[in-house]
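Take a look at the structure set out below.
The values are calculated or read from the model by the stated rules, or taken from the named source; none is laboratory data. Keep in mind that what you see is a predicted model, and the values were worked out from it rather than measured. Here the Cβ is made from the backbone with ideal geometry for all residues, glycine too, and neighbour counts use every protein chain on show. Just so you know, the surface numbers come from the protein's heavy atoms only, side chains and all, with ligands and any DNA or RNA stripped out. Shrake-Rupley method; radii C 1.70, N 1.55, O 1.52, S 1.80 Å.
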Amino acid sequence: MSLDPQPESQAGQIARARATIVPTEERLSLMDVWRVLMKRSFIILTVTAAFLALAALYAFRTKPVYESVSRIEIKPNTTPNVGLQSLIEEEGRGGESGSALQTEILVLQSNSVMLQTAESLDLVSTLRAAEHKEGSGSGTAPSAEMTPAERLAVIGMIRGGLRVAIVPSTQMVDIRYRGNDPKLATEVVNKLVDTYIDEDLRSKFDRTMHVSIWLQKQLEGLRQAAGDAQRQLADYQKQHNIVGTDETSNLTMQNLAQISGDLESAEADRIMKEARMREFESQDPDLVALMGDNPELAALRSQLSTLQTQRAELASKFGEHHPRMQELKAQIDKVEASINSEVALARRQIHDEYGGAHRLEEMLQKRLEAQKEDAYRLNEDEAQYAILRHEAELNRDLYDALQMRLKEASVTAGLSATNITVVDRASVPVVPVAPRKSLSLMLGLLGGLLCGTVIAFMVESVDDTLQTSEEVESVSMLASLATIPHISTEGGKRKRKGPDEPVPMGSHMQQLVALYSPKSHAAEAYRGLRSSLLLSSIDRPPRIVVVTSAFPGEGKTTTTVNTAIAFAQRGERVLLVDADLRRGSLDRVFNLDDKSFGLSSVLTQPAAQRELASPIPDLPMLKVLPTGPRPPNPAEMLSSNRMEEQLRQWALEYDRVVIDTAPVLAVSDTQAIAALADTVILVARAGMTRKRALVRARDLLWRINAPIAGVVVNDVDMRLENFYTYRYGMYGYNYGYGYRNPRADSDIAYGHEEEEKGE
């Protein structure tokens, strides 16, 4: 108990309590999706029903539409005759087949073809009759001429139901028309095909005749142009003397090639002689001598080598001043002078050879330039001559070809054949193509389910209320001590021992579910809460238990009452205290008539002690202390020293003291008692408690170092709990523990009676 010295510091208990739940990464599982779908099933079913109704309205109220189909083959690249048509369509053959087919389809859907079709079927009379029947006509006679507005109307009438599509990878074209009259749809398709074929034949004949007439006018000028070109060619040949000239073989070009070859040889000879001259001009006389080809120079070099050898042999025997040595020296000087004379002569000879080669190269270069000028002039003349000759030949060939085609056209103009073949003519349809009732209903059903699911997840994303114990643990970071299912009005039967036994009156009996329906899931959950509190500290179980919530109406009173009953059923002495001095309701829950004595009386008048009531005969160990008269200052009274002393006294007299307190975020009355308690239970209500409210309540209790044991989740729809819990509830039917459908009037079991009293 927090009022007595504890072996472990209170801060250590709080730290351990805060570390109870470790945050885990949130991942959306299939069971989470199923939970959302079950939770928002009303939205999904409503949206699905609306979509299905709209689909049924469309399917059964829409007029039936019939479709007539005709298939034709179009060969846009074929040549229908041997006359001018091949010339006219030459450009079309060079293009892609797909683009030509697209062009034919555009012609098929042109306004002129559709207008001719409408006139053939007399659709304007049908249109006028319909307008007259509706009373919106202008009074135009059926035989009157078609007005511009009526022309656009009949064209739009055909275009609105017409669909033309190419069969992939073929030259087949499907022509479809949809309308409410199957016979009219068939007539429109067949007449449109016939009109298109007739228009194709007429357009080809007109083009052929138009080109033929135009060519007849142009042939005279073309013949004159061909004669003038031939005369200009002859005159140019005479003026420039190009008779028998070949562009690749002539005297000028041969001379140019000969001179160019001579120039290359002269240039190579000059380069060789220049290299030899530079070798003789080097500073090494021995290298010059070795590279020379003079035999006398070679003999002198041999003689000089012999004399130098003899001189070297006699120098060691006679010395430098001996007459023999002087004689050898004179001979060596003479031979060296001869060698130098021969080298100088060879150098002059090489210089002369290089000069001659250089002059020959320059002369050939000048001659080559002159020959190039002649070749350039010849090329210009030949180019102009080739142009004139090509023009003359072109004019002559064109005139001959057109003259022949023109003669053929006069015979074949009327023999044109169409390139359009009707593969399948349209027949009167029997079965309508729209509306497809089964498909419409199926799409409405699927669309409704999809949209309903999307809307359900959107509503779920903006709904921040807590629904399951798993969500509560994830948000609050506190352990879930118990999950209390929804308590229905018919959830349990009153258990009476005799006719004189007092029982709670009215619907407050629901709040005593642990007593009157001990085999229900709710009673089992409260017994589980009792076990959680006792096992939270085996050595020192909590004596003073404070129950609170974030806001009113979350079921803290129901939790407090049933927790106290669970402890009393265990044979313990239990005191149930109503510390909500502003809106306490234990007196109504247990049907206590004496409202003049309660907690406020105990705190303000310590001497006025009474025997506490035991409202349940089956549980004489359970004592109940209501609020008593409403005090003007409940917060000061609950945080007084008198309250602390009273808690110490109750802890000695009773095994368990269970205290029902005010909402912690609504008023500050609970903070003082929570700090003095052994353990604090925070109550949350599924579908009502918001995430931020629960977190704020937890943080407020942590700031005052209140020992929070965990959270109790009230009014939980077990279908939204985890899969194991739901399946356990299903199997519970076999043992009489079955989950029963909730009813709206059972909300009083979770604290709504407090709001009613406050109002």
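His322 to Glu267: extension gain in nm, 0.36 nm per residue of separation minus the Cα-Cα distance?
Taking His322 through Glu267 to full extension adds about 14.0 nm, to one decimal.
Going by average Cβ density within 10 Å per residue, which order do the peptides 182-193, 554-565, 687-698, 152-163 take, highest to lowest?
Result, highest mean first: 554-565, 182-193, 687-698, 152-163.
At R0 = 51 Å, how high is the FRET efficiency between Glu199 and Ile455 if r is their beta carbon distance? Nearest 0.05 is fine.
That gives a FRET efficiency of 0.40.
Given labels modelled 7 Å from the Cα in the Cβ direction, how far is it in nm from Gln331 to Arg276?
If labels sit at Gln331 and Arg276, their model points lie 3.4 nm apart.
Quote the FRET efficiency, to the nearest 0.05, computed for Ala257 versus Ala386 with a Förster distance R0 of 30 Å and r equal to the Cβ-Cβ distance.
Working from the Cβ atoms, E equals 0.90.
Using protein chains only and a probe of 1.4 angstrom, how many square angstrom of Lys217 are accessible, to the nearest 10?
Surface open to solvent at Lys217 totals about 150 Å².
Beyond 23 Å between alpha-carbons counts as too far, so tell me which of Lys75/Lys217; Lys63/Lys183; Lys39/Lys437; Lys75/Lys183; Lys133/Lys191; Lys556/Lys623 fall in that bin.
Lys75/Lys217; Lys39/Lys437; Lys75/Lys183; Lys133/Lys191, as the Cα separations exceed 23 Å there.
What ranking, highest mean first, results for peptides 669-682, 433-446 when packing means the other Cβ atoms within 10 Å averaged over each residue?
669-682, 433-446
Rounded to the nearest 0.05, what FRET efficiency do Thr147 and Val107 have when you use their Cβ-Cβ distance and R0 = 41 Å?
Using R0 = 41 Å, I get an efficiency of 0.95.
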